[in-house]
1. Collect the residues in the stretch 2-48 that are open to solvent by 50 Å² or more (accessible area, probe 1.4 Å), over 15 Å from the mean Cα position of the chain (by Cα) and over 15 Å from Leu67 (Cα atoms), keeping them in residue-number order.
2. Closer than 15 Å to Val96 by Cβ, of a type in the set (Gly, Ala, Ser) and part of a strand (DSSP E or B) - does that describe any residue in the stretch 8-30?
3. Out of the residues in the stretch 56-104 that are outside any strand (DSSP E or B) and in contact (Cβ under 8 Å) with a residue 60 or more places away in the chain, state the one that is surrounded by the fewest Cβ atoms within 10 Å (Cβ to Cβ).
Amino acid sequence: SSKTFWTTTGMFPQELIIGFPKCVRISKVAIQCYLVRTLRIERSISKDPVGFEQCIEKDLQHREGQLQMEEFPLPEFQATYLRFIIKSAFDHFVSVHRVMAEGT
């Protein structure tokens, strides 16, 4: 829902884990967030959310008063779980408004 979001508790790093019912093939991940400075995305192909490996780490651009919208193409990428780690921020609190994964 565009009316809901997840917010941090004020200290970093913070993480958000998204699980799929089974291992899926992902071609692109997109995120809409606010005030995130450094974002890392990790994946796990295990049945449980363990054994994560880093896939992407990026410093995002600050957009005063606007959501940050970032897309990450992931060719030949499989995951059962995605972990989004907010390593640092432009303020004490940040928010994640939408996470989208495309694939099969």
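1. Listed by number, the residues that qualify are Thr9, Met11, Pro21, Lys22, Cys23, Arg25, Ile45, Lys47, Asp48.
2. Yes, because at least one residue in the stretch 8-30 is closer than 15 Å to Val96 by Cβ, of a type in the set (Gly, Ala, Ser) and part of a strand (DSSP E or B).
3. Among them, the one singled out is Thr104.
The values are calculated or read from the model by the stated rules, or taken from the named source; none is laboratory data. Note that the structure is predicted; figures quoted are calculated from it, not measured. As a convention, Cβ positions derive from the backbone with ideal geometry for all residues, glycine included, and neighbour counts pool all protein chains shown. Protein only, heavy atoms only, side chains kept; ligands, DNA and RNA dropped before computing areas. Shrake-Rupley method; radii C 1.70, N 1.55, O 1.52, S 1.80 Å.
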